[in-house]
Structure formats: structure tokens, C-alpha cells
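See below for the structure under consideration.
The values are calculated or read from the model by the stated rules, or taken from the named source; none is laboratory data. Here the structure is a predicted model, which means the values were calculated and not measured. Note: ideal-geometry Cβ built from the backbone for every residue, glycine included; neighbour counts use all protein chains shown. Side chains included, ligands, DNA and RNA excluded: accessible areas come from the protein's heavy atoms. Shrake-Rupley method; radii C 1.70, N 1.55, O 1.52, S 1.80 Å.
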Amino acid sequence: MSVSAINQGTAPSVMASNEAVDGGVSARVLRAPVDPLLTLGVIGLGVCSIMTLHSVTRGFIPSSPNYYVDRQAAYLIVGLIAMLVLAGFDYTLLRRIGRPLYVAMLISLLAVRVLGHASNGSQRAIQFPFFAFQASELGKVLLVVALSGFIVDRFRRIRERSNTAQVMLVGLVAAMLVIVQPDVGSGLVYLAITFTVVFVAGVPGRHLATLAAVGVAAVGLVLVAAPAMGVHLLKPYQEQRLTSFLHPSTDPQKQGYQQEESKIAIGSGQKTGDVSAPQTTLDFVPEDDTDFVFAAVGERYGFVGAALVLSLYALVIWRVLRIMTLAKDLFGAVLSGGVLAMLLFQVFINVGMAIGISPITGITLPLMSYGGSSVLATLLALGLVQSIYARARATHALKGRDLAVI
Amino acid sequence: MISRQAPRPPDSPRIFVPPALALRAAILGALAVVLFGVLLFRLWYLQILSGNQYLQQANANRLREVPTPAPRGEIVDREGRALVENRVANAVQIAPSELPQTAAGREQVYRGLARVLHMRAGHIRELVGKGYDEAHYAPVTIKTDAGPGALTLLAERQSEFPGVIQQPVWLRSYPFGDMAAQVLGYVGQIDEAELARRGFRGVLPGTIVGQAGLEYYYDSYLRGRPGAQKYEVNAAGEAEPAAIAPTPSVAGSNLKVSLSLGLQRSAEQALLEGIDHARAAGKPASTGAFVAMDPLTGELLAIGSYPSLNPSIFAKPRTKAEYKALTGQGTSEAGEEPAPLTDRATEGLYPTGSTFKPITAMAALEAGILTPQETLGAGTCITVSAEKFCNAGKQEFGNVGLVEALKVSSDTYFFTVGERANAYGDVIQNMAHKLGVGRPTEVDLPNEIEGEVPDARWRQEMNHRQERCEREHPRDPKGKCGYVSEIKQWSVGENMDLAVGQGALQTSPLQMATAYSTLVNAYLNNGNGWKVTPHLGLEVDAPNGALLQRLSYPPQYKVHLNPYDLGVVFEGIHKAASEAGGTSAPVWAGWNQEAHPVYGKTGTAEVAGKVEQSWYMCYVADPTRPIVIAVTIPQGGFGAEAAAPVARLIASSWFGAPKRFIAGSSKTN
């Protein structure tokens, strides 16, 4: 264990200057301030996104075929820089401002109700010059931070039922605000985050079992029992979208149409895909730049391309999971767990939607779907994870255990 | 070793990661593995296992086909001269996707096009709207046959007519107008009912198919296979500009028929002359039919019905009333009305008059109830069961033998034979059926009639039908049932009427020609004849003329007749056409009987309330090209007056003899 290693581990933010003085080149590579594989996965997904969107969006605005690609590239670059900056930032400071962040999130979600402009029948974003701010996307990250802080602060009460209930309530309030936008998909992401945070923090198993039972009962009530009694807690189209994957249809009038066309697009990609990608290019799959971008990947690049994208996601999630176990404190572990839940849930539900095994929800595919809010929120969340990685490495180094890169 | 002091942990109080975290992380990891496994397995299923099926669905999604019509095969005569051919016309079409985007721009195109095509702009707008609703991607036909002037103009000023295109289409053309129209038939777009029919299996809606005559009967050969113009469409059903190679159409095969163009044309001319002659003589003749057949093979050399029509009128839709006028449906009696769609040669139902007598004679001879030498028929009339049966014009031929009876057409002779035959059952009826009267001839044309040779069983059936109708309409039997028949038993009188081709006998010129042909080939083959199958189709040829299939219409069965009896009958009808006193001998005056002996029989059918129907049946012998000719002119008068001269003109044309129309004056049947 060299001196420089300890130096770097303890103060990554000043690492560069220290390295310049006494660090070897090999040490610098081995002890990069960020998780290299996680970064590689993120960059790989960014490249896949640009390649896919390049062909999908070429015809959207005939006068400027690169409009969408240029913007997505800008979002990705800005997001990557933000991620690297956050990696050097000490995430533990966030624990103290958890409450203000939560309040800020609630305000931003409410602001969308007041100031937002409607798109596709729901009010989700506030229009700024050059940018439509979609509060629910950033809200996911804020919720992860706030909930983690909240539950860690009250760690002594972790075995109390009321504590679990209170934490769940905090998450539920945010989720409901999103669901009424209406954005059921993001609301489900919030719930997944909340549940995972509670799970990772170490809430007793019986609490989790109760929560799971309540969750199942709620789904049953909203989608089956209440509609049967004539009470629609969701709008009928929302109900249909959530259940139509169970009974696919090619009727363009029905909600399952998009999903069926998406399946056709992906299936017709076969092993290696078809670069002309007629199914998505000719608009049979709507939203193939955003929610259904995976259909474009599947049709254009086939099983090879789709499996590659899934592998990149698996890589990212594996790294996040690993960082969760290495985190130097519970806050970091819970925070990583929340980000992991956010990514895993979104990837599974979005890809599942495109291949017809999960409900149709307006959930984006992280980093792949076109959209600044989603890209930036995802990269900010991963920036926090990188920061946790950096601190963890420092701690382990201090304890005399070197942290292998992989 | 440690040169600097280790930094203080940045956060305090520190909360250490509980060991349970490892387990929970493992659970999360396992969940992630399972979820990714599910996604990958599903992807594998969709893309690798079911990829082909989804690819087909994707193609079905985006590819639309517009059939391009195939040119129909031509119909050519026995020497290969076209009777029905195709004409290429350019249809003016509008491709909705290439029209100007603005409504004003589209209106301008419609108005400009309306001026060029002499249509209303509103009509064009309507057509485009309707077509676009049916299929966004497909071009809409505005006018099928626009004429060369309009087409040139449109081609030259293409920039002024965005979205207007020209598509070649095949139209049926009839170089000889109304010649043999009922036999050739006509074509039209397939309708719902036809689509369901077996013969049209696999035919696309909108295809032009044969609707009548040979066009209908041989449609599967003539039709060809349509090609397809493929279009790529987007989700909204609009055409995308993509070059997809069209599937070319396959032209239909040509049909070679046995008709002889020259004979057909002169026969129709001759029939018209005969009808004109009858009208000049004060007879109300307005219709007629003829059949000329090779008696050995059944090949139809000419066949026609008057009045006729030019089938090209079916290029545009008819109203119901117009169609009824063409078919004669909805009028009291089809035979009376002009009804040019009715092929009187195969669908006409007539009594034949004395042209039936050779059949009666053969029947009686074969049954052994008559010898050629026996003399019968003295007096002007004979009385059977208080009913008088008289010679036409109350003539007196005395007791004559069979040859003389046929030559002068003695009714009293054949009445006597009919009376005698009745005692032996269906002697005459059986012979008539065997020779092809009252039975479908199985000619290769649709809508052939069966006809009727009346007998006791037929009479019973008529009685039943009449009784049933009267039971159903007890109030007004006469009015409701018309007058199907009076209730009576089969009588000897009815058999006597049949013996001279009168009474309830109903047959067509084609059936009579078939019967005479059967007699002729038995006569020529020492009594071993065969019932020929009259037919028109000879060959199916490729568009380049190469033989694809020889059509075969073999005789239906053998007919054995006593050669001596046949000799007597043919002697009788030869004398009738060649010897002084023969019923049609004057008509054949100057005919070279040595080279081409004529065996002919006149007929004058009496139809209640109408002028007599003129008939003539003849066989003109030739070592290589024998011919049987049947001619009938309803309301044309005596057989020798109208029908026989027409038959002579047809024979003249066939053998290249000078054409002379000589109306006979024989007033016998």
C-alpha cells in the first residue's frame, strides 16, 4: 500500500494535484476516481442511443434531420460531465439536506400542475427556453436521496412498524403527486424506489411481507375489484393500458395496438436486424424515439443489438449493486439501492412493454430514450453512485484493503 | 511507513453497514438476474424462434398490392383469324399521394383534368375521394379510355397535372362487330355472386371475366393471371416512395374455335337476306338462327342468331331495363321479342315441322312397324278419334311409299306412321332422344336448353303441374297459372303431331343439326354412326401461337342403324332437294348435285296464333368437307320460302359455288 494510494483514497477531489506530484501512471489508471466499468456501460448505452435515434428520428424534421440526435448528444455529454462532477462530490453531505430536497421535489411536482404544459394528455413538464423540465424525472433522484436520508436518520427505529409506515408514506405522497399528473408509470417507479429503500435499509421481513400483501391488494383493488363495482380509480384508458398486455390486439383502436406492433417490429428484426427498419420507420410503432425506443433497437439491430443493450444495462446494474455492497455507510448503500431499483424497474418495465410482457406505461428506457430530463436524472443518479464508489474505495484503502478495480 | 496521518472519517456519527445488507444485496442481485433472464428469453422467443412469422406480419403491415390486369387471350377462327382481340387503351388515373398538398392546388388539377377529359370537376373529386377512402395508396381510375388526343396532351403537360398518371389497360375489341356475338359472348367485371362460384375460384375482385358464350365457357383459359403493383405504406395507409419491382401479369391463352370466319360472315348475311325476303313477302319475321356443322366431328363451322349485338356495348354498365331489352326477359315470350342476347341456335325452343320426318321414318323402320315399300297416306285428311289430321293446303298425294312421302312431305303418310307407332309405345321419342333431340347436346356453350320430345309421361307431368298450380290458386286458375296445359290424357293425336314435328315438340336448331349429323355419319359408315358432340373449341394456344392443349370432344355414344333403312331415308330427302316435285328442289335449281349432292328437308312449323315458322335441314355431301346445315326463321312462312334459300346460300359459301337466293314455292310442310 503506497502513500499515494492512501492520499487518493482519502481525498479524490484533490487527487489530480497529488497524483501529479507523486503518483505513478499505473496507479492513476488503477485508482481512477470513478468506477470504470460503470462509466463504460453508461457511455456504451449513450452510443447505442445516438445510433438508434440517428436512424429513427432522421425523418421527423426533414429540414434538420440531426435535430434530435444533436440534442440527445448534448444531454448525454452534459449528463456525463454532471456525473463526473458529482463523483467528486461528497454524497454524505446530502443526508443533511434530505428534508429540504424532499420539499423541493414536492414543490416542483406541484409546480408542474400549475405551470406545466400538457403533452399526450398529461401535464408533466414545465417549459423553459430550450428545455422542457420534467419534474417527475429529477424527482426520482431527489426521492432516492430524501428517502435514504430519512430512513438512515431514524435507523434506531428501523424495527418499528410505525417507522416503516412513515417512510412508506413519504414515498407514497410523492408517488401520488406523480400519478395524478397523470403519469402512472413514474408513480410506479417512485413506489419501486420506496420499497427497495425500505428493503435495503433492513426493515424486518414481516414488514416487507405486509407491504407486499398491501401492494398486491391495492393492485387488485384498482384494476379488478373497483372497476367491477363501477368505481374507476384510474381513467379507463389507463386501466386498459395496464392490463392490455394480457390480451394483445392488433386493432388500432385498442390500447394493445402499439404493443402488438412493437412486438412485430422486434420479432421481424430476427437475428441481426434490418437496417431499413420499415416497421418503425413507417410509424407502425409510435413513440419509437422515446417510450418504444427498444422496438427500434430490436428491429434495426436484431437479437444481437437488443441483447447487447440488455447486457450494457446488466453491466450498469451489476456495478451499482456491487457499489451498494461496498458502500462505506448505510446511507450510501441505501442510496445505491434506490438508484438500482430505479434503473432495474425502468429497464424491465420498458423493455417488457416493448416485447409484450409488461403493461404499457409511459416509463422511459434510461439513457436510451430521447429526452433531456430522463437522461440528466439518470446520469445524476449514477453520479451519486460514483461518489459512493469513490468514498467506499477511500475507506477500504484506509482499512488496508485495496479495492480491485473490478 | 505512513507518512501522513490518516484522515478523519468524513461523516459522524457513522452508521455501519449491517451484515444483513449482504443477504439483501444477494436477493436484489438474484432478482436482477431473473428479470434479465426473462427479458432475454422473451427476446430469443420473439426474434429467433418466431422471427419469420413476425417478419411476415411486418411485411403484411407495410406492403399493399394493386392488381394489374392481364390481357385476355384472343379468340381466333379455325384458320387463326382473330374474332375477338384486345386493344390497349390508356386509363387516366390519379395517385392521391402525389396530388398537391393544398385543397386549392388539388381543385386546380381536377378542373384542368375535367376540361381535357370532358368530365365534371366535381365528379373527378368524388371519384378520388371514394378511391382514397378504399385504399389510400392505390391510384384511382378517372377514365378508362380517354382517346389519344387527351392522352397526348396530358403527357406533354405533365407538370400541370401533378398526380395524374396513365396506366395501360386491355379492352376487348370485336373486329367484326356483332358477328357471332351470342356465341363469342362478352366480358365484364366479376360480381359478388360470381366470386362465390367454383369456376372463378381464386379470381380477384375487380377482374374482368367472361360473362356469356365462349368468353364465359373458356374463361379459365382466356383470363390469364393478373400481376401486382406493390406499394409500401406507412401506418396511416399512405404510400411511401419506394421502388418495389412489380409482379408482371401473365397473358391469357388464345382459344382457337372451329368457326370459319368466311362462312360465318356469309351465313349471317344469308340469314338476314332470308328474313328480309320473308318480310318482303308480308311475313312478320324478325328473328332467325342457323347452325352449320361438320357431321363427322361435330365441329361447328358457323352458328348464328338474329338479331345480334356488338358486345363492346358491355364496356360500360347497363341499366336493368336496357339489360332486359337485350335478353328479352320480362316480356311475354322470349322468342317473339328481338332479345339480341338470346342465342336462338342453342337456346331457342321451337317445334320443327316436317324436318322431323326423317327421324319418325327411321324410328318406324328400326322398330319394324313400317317397310319402305308400304304405301300409305291417301286422301287429304285422315280422321283418328273424331279428330281430323290434314295435309298442308289440303293437298292429296295418294298412297305413297317412304321415299316419295319424304320427297313431297306427305303429312297424311306420317300421321299414319305416328298413329301406328303410338301403339308400340315411345318408338319415335326413343329415336329422337337417341339422335340428340330433347337432350342437351353438351356443346361448349353455357345456357344450352334441353328441349322436350313429348310422350305419355311428359303429359302426366304437365297434368300434375297444372293441377298443383290450380290448387294453389283456386280463385283464378287461368289468370295465375297462365295456361300450362289443359288436363288430358296422352292421346294418339299427340303422337301423330309429333310424327310431323308439331304439337308439343320443343327443340333447337343445334339439336336438330346434331340429330341430322348422327344420321349422316351412320349413313356414311354403313349404319355404324355415333352421336357427335357439337363444339366450338379446338385448341388452347399460347399468346405466341404455340399449341398448349388440344381440346377434345369425342362422340358421346355409338348409334347403330340399319344401313338399308338409312339409304331409303336419305334417298327420300335427296329427292326432296333434287328431283322435280321435291319440296326444296326448286331452291337448289342449278346446284351441281353430282359434285355436292344435297339431302334436304323443309319444315313449316305451326305455332298457335302466329305465322308459320320456316325450317330447313340439309346435308350437303363432300368427300372431305361435308356439312349439315340447320336454318330456321320464326314467322318466316313455309320452309322452302325463307329457310331453304338461306341454307343454299350457306352451302354455296362453304363450297365456293355462285350464290343464288331462290325462294321455293312448295306449300307442303
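Calculated FRET efficiency, residue A:154 to residue A:47, Cβ-Cβ distance, R0 = 41 Å: about 0.45 to the nearest 0.05. Overall, the anisotropy analysis places segment A:141-232 in the oblate class: the square-rooted eigenvalues a ≥ b ≥ c of its C-alpha gyration tensor yield a/c not less than 1.5, with a/b not exceeding b/c. Note on residue B:306: accessible area is roughly 80 Å² with a 1.4 Å probe, heavy atoms of protein only. Contact order for segment B:67-192, expressed relative to its length and based on alpha carbon pairs under 8 Å spaced 6+ residues apart, stands at 39 percent. For the residues of B:97-110, the average number of beta carbons from a partner chain within 10 Å of their own beta carbon is 0. Which loop-located trypsin sites (Lys or Arg not before Pro) does segment A:137-199 contain, where loop means any DSSP state but H, G, I, E or B and the Cβ has at most 13 other Cβ atoms within 10 Å? Qualifying residues, ordered by number: A:159. With the simple model of a label 7 Å out from the Cα in the direction of the Cβ, residue A:161 to residue A:104 spans 3.7 nm. Take residue B:126: with every protein chain present and a 1.4 Å probe, its accessible area is about 120 Å². Accessible area ranking (1.4 Å probe, heavy atoms, ligands and nucleic acids excluded), largest first, for B:500, B:88: B:88, B:500. With 50 Å² as the minimum drop in accessible area between chain alone and full protein complex (1.4 Å probe), the qualifying residues in segment B:52-76 are B:54, B:61. Close amide H pairs (under 5 Å, H built 1.01 Å from N) link residue A:97 with no residue at least 5 positions away or on another chain.
In this view, the solvent-accessible surface of residue A:257, computed with a 1.4 Å probe and all protein chains in place, comes to about 40 Å². Can you give the net charge of the other residues whose Cβ lies under 13 Å from the Cβ of residue A:293, counting K and R as +1 and D and E as -1? Within the 13 Å Cβ shell, the charges total -4.
For chain B, the 222 nm mean residue ellipticity estimated from helices alone, with every DSSP H stretch of n ≥ 4 adding -39500 (n - 2.57) and the total spread over all residues, rounds to -10500 deg cm²/dmol. Of the complete DSSP H runs in chain B, those spanning 27 angstrom or more by Cα along the long axis with a mean Kyte-Doolittle score not below 1.6 are B:20-43. For peptide B:26-35, the mean count of partner chain Cβ atoms within 10 Å of a residue's Cβ comes to 5. Using a cutoff of 8 angstrom between alpha carbon atoms and counting only pairs six or more residues apart, the relative contact order for chain B works out to 14 percent.
When A and B come together, around 4700 square angstrom of accessible surface is lost from both chains combined, probe 1.4 Å. Per residue of peptide A:302-315, the mean number of Cβ atoms on other chains within 10 Å of the residue Cβ is 3. Loop-located GluC sites (Glu not before Pro) in segment B:14-112 (DSSP state other than H, G, I, E, B) with a sparse environment of at most 14 neighbouring Cβ atoms within 10 Å: B:79. This model, with +1 at the C-beta of Lys and Arg and -1 at the C-beta of Asp and Glu, gives segment B:540-669 a dipole about its Cα centre of some 180 debye. Per-residue Karplus couplings for segment B:593-603, computed as 6.51 cos²θ - 1.76 cosθ + 1.60 with θ equal to phi - 60°, are listed in order as 5, 5, 6, 9, x, 9, 10, x, 9, 7, x Hz, Gly and Pro entered as x. For segment A:373-379, 3J(HN,Hα) computed residue by residue from phi via the Karplus equation (6.51, -1.76, 1.60; θ = phi - 60°) reads 4, 5, 4, 5, 4, 4, 6 Hz, glycine and proline entered as x. Rounded, prolate or oblate, given the Cα gyration tensor of the protein assembly as shown, with a/c below 1.5 counting as rounded? Note, shape of the protein assembly as shown comes out prolate.
Longest segment of chain B with no trypsin sites (Lys or Arg not before Pro) in a DSSP loop having at most 12 other Cβ atoms within 10 Å? No qualifying site falls inside B:202-474, the longest such stretch. Among the trypsin sites (Lys or Arg not before Pro) in segment A:331-402, those located in a DSSP loop and surrounded by at most 16 other Cβ atoms within 10 Å of their own Cβ are A:399, A:401.
Note: chain B, Cα convex hull, 336 Å³ per residue. Look at the dipole of the protein assembly as shown built from charges on Cβ: of B:342, A:348, B:216, the Cα furthest out on the positive end belongs to A:348.
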